[in-house]
Amino acid sequence: QVQLVESGGGLVQAGGSLRLSCAASGRTFSSYVMAWFRQAPGKAREFVGGLSRSGARIYYADSVKGRFTISGDNAENTVYLRMNSLKPEDTAVYYCAAGQNPTSWYRGPYDYWGQGTQVTVSS
């Protein structure tokens, strides 16, 4: 199995940028379909974007398309979420997840989850 640890969250002003990291251990992230989710207070968890095993496919939710970029570094065994042009509505706890055979980007299922990292965007 794989363990996932997110980092890189923080407080940023609207229009700013952050890069989140999801460090994998135990197995290489390329063994899984990787995804980023977020959950704002009082709201359901929301799919942000995902990376296929080969890295050939990257899929983004419409709400972040053109602003967020997912990438993977095999040498570091880490998946990144680069977030640009941040908006207050991007404020949430961001989670990375790994799935062995998700049938849906949005619904997964995803088998492993990190603990999350808080992103707060001030207006």
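A few comments on the model shown:
- The lone criterion from (1) exposed (fewer than 13 other Cβ atoms within 10 Å of the Cβ); (2) over 25 Å from Gln13 (Cα atoms) left unmet by Met34 is number (1).
- Within region 99-121, considering residues that are assigned to a strand (DSSP E or B) and open to solvent by 40 Å² or more (accessible area, probe 1.4 Å), the one nearest to Gln13 (Cα to Cα): Thr120
- In this structure, Ser30 does satisfy being out of contact with any strand residue (DSSP E or B) (no Cβ under 6 Å at 6 or more places or on another chain), among the polar types (S, T, N, Q) and within 15 Å of Tyr110 (Cα to Cα).
- Looking only at region 8-50, residues that are among the polar types (S, T, N, Q) and touching a Leu at 6+ places or on another chain (Cβ under 7 Å) come to 1 in all.
- The set of residues from region 53-88 being open to solvent by less than 40 Å² (accessible area, probe 1.4 Å), within 17 Å of Gly99 (Cβ to Cβ) and over 13 Å from the mean Cα position of the chain (by Cα) comprises Gly55, Asn77.
- Of all residue pairs spaced 6 or more apart or on separate chains, those with beta-carbon atoms under 6 Å, a first member in region 51-80 that is among the aliphatic types (A, V, I, L, M) and a second member that is open to solvent by 30 Å² or more (accessible area, probe 1.4 Å) are Leu51/Ile58; Leu51/Gly72; Ile70/Ile58; Val79/Gly72.
- For region 1-30, a residue qualifies if it is within 16 Å of Gln100 (Cα to Cα) and in contact (Cβ under 8 Å) with a residue 60 or more places away in the chain, and the qualifying residues are Gln1, Val2, Gln3, Leu4, Ala24, Phe29.
The values are calculated or read from the model by the stated rules, or taken from the named source; none is laboratory data. What you are looking at is a predicted structure, and each value in this text was computed from that prediction instead of being measured. Cβ: placed from backbone, ideal geometry, glycine included. Neighbour counts: every protein chain shown. These accessible areas exclude ligands, DNA and RNA; they are computed on the full protein's heavy atoms, side chains included. Shrake-Rupley method; radii C 1.70, N 1.55, O 1.52, S 1.80 Å.
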